[in-house]
Amino acid sequence: MNLPVIILGGGGHAKVLIEALKTSKRTILGITDADPAKHNMLIMGIPVLGDDGAVLHHLPGSIRLVNGMGSVNVPRARTALFEKFKSKGYAFVTVVHPSAVIASDVALGEGAQIMAGAVIQPGSTIGMNTIVNTKASVDHDCSIGDHVHISPGVTLSGDIRVADEVHLGTGATVIQGIRIGRNSLIGAGSVVVTDVPENTEYAGVPARQRASKIS
Ligand code: JB2
């Protein structure tokens, strides 16, 4: 059964999700947003219902949620929002734009979001609450963790491991077989040719360590 959805957050990422959900003919009940100035507004024709308390007017079994918060660098706030509502018993839908190309054996975790023009090749797995954003490509046998953001235009070659809460900036390229550790940040346009330890920031062509520990 396709339960109606509420989107958490009404910014730029939410617009991309609304488009994907409308194209998939999913019913959107409304949006919640922490900014009172947005309350009662319409965003692409969808009403902003109030803050996240508005979700609690609906039993967990009667709706599904969509995490509308994107992430520019470290995805902590997005992760926290997902975990807060999971702990209250709510479930998140996976959002897949109809133009995405996803191999038949690919496993998508709860709340994964695969945006327009993305390509995911055979043998790959995508974790919970992870975004594969516009025109990103994930080649064969990649393992992508939870709460990861693969930004628009990122290219991941085959057999790559990306741990939880990694942010790959727009247009980054990663060669085959690379491991990227938990909570690391890859700068936009980087070309990653060596493994990346956890909690570090890499950037450049070829990518080098730019900052040590990310808290
Ligand atoms: O706890 C919250 C909360 N905190 C901030 N709950 C809810 N329901 N909403 C929250 N917000 C709201 O999320 C803010 O008030 C704001 O309206 C929205 C975030 O919008 P923004 O456009 O600033 O960021 P975004 O996350 O939608 O988009 C970022 O990430 C995307 C992946 C941008 O950088 C985009 O360019 C990028 N494509």
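The values are calculated or read from the model by the stated rules, or taken from the named source; none is laboratory data. Small disclaimer: the values here were computed from a predicted structure and weren't measured. For neighbour counting, all protein chains shown are included, and Cβ atoms are generated from backbone atoms with ideal geometry for every residue, glycine included. Heads up: the accessible areas ignore ligands, DNA and RNA and are worked out on the full protein's heavy atoms, side chains in. Shrake-Rupley method; radii C 1.70, N 1.55, O 1.52, S 1.80 Å.
Largest first, the residues L49, L168, L59 sort by 1.4 Å accessible area into L59, L49, L168. Pairs of Lys residues in the chain are counted when their Cα atoms are under 23 angstrom apart and they lie 8 or more places apart or on different chains; the count is 9. Taking only the Cα atoms of region 95-204, the radius of gyration and Dmax are 12.0, 35 Å. Rolling a 1.4 Å probe over the protein heavy atoms leaves K135 with an accessible area of roughly 150 Å². Geometric descriptor of region 16-141, per residue, is 117 Å³ (volume of the convex hull of the Cα atoms). In this Cβ point-charge picture (+1 for Lys and Arg, -1 for Asp and Glu), region 5-87 has a dipole of about 300 debye about its Cα centre. Once all protein chains are placed together, S62 keeps about 50 Å² accessible to a 1.4 angstrom probe. Over region 89-146, the Kirkwood radius and the radius of gyration, each from Cα atoms, give a ratio Rg/Rh of 0.95.
With contacts taken as Cα pairs under 8 Å at a separation of at least 6 residues, the chain carries a relative contact order of 11 percent.
Within the chain, all pairs of alpha-carbon atoms sorted by distance into 10 Å bins from zero give the percentages 9, 36, 33, 17, 4, 0.
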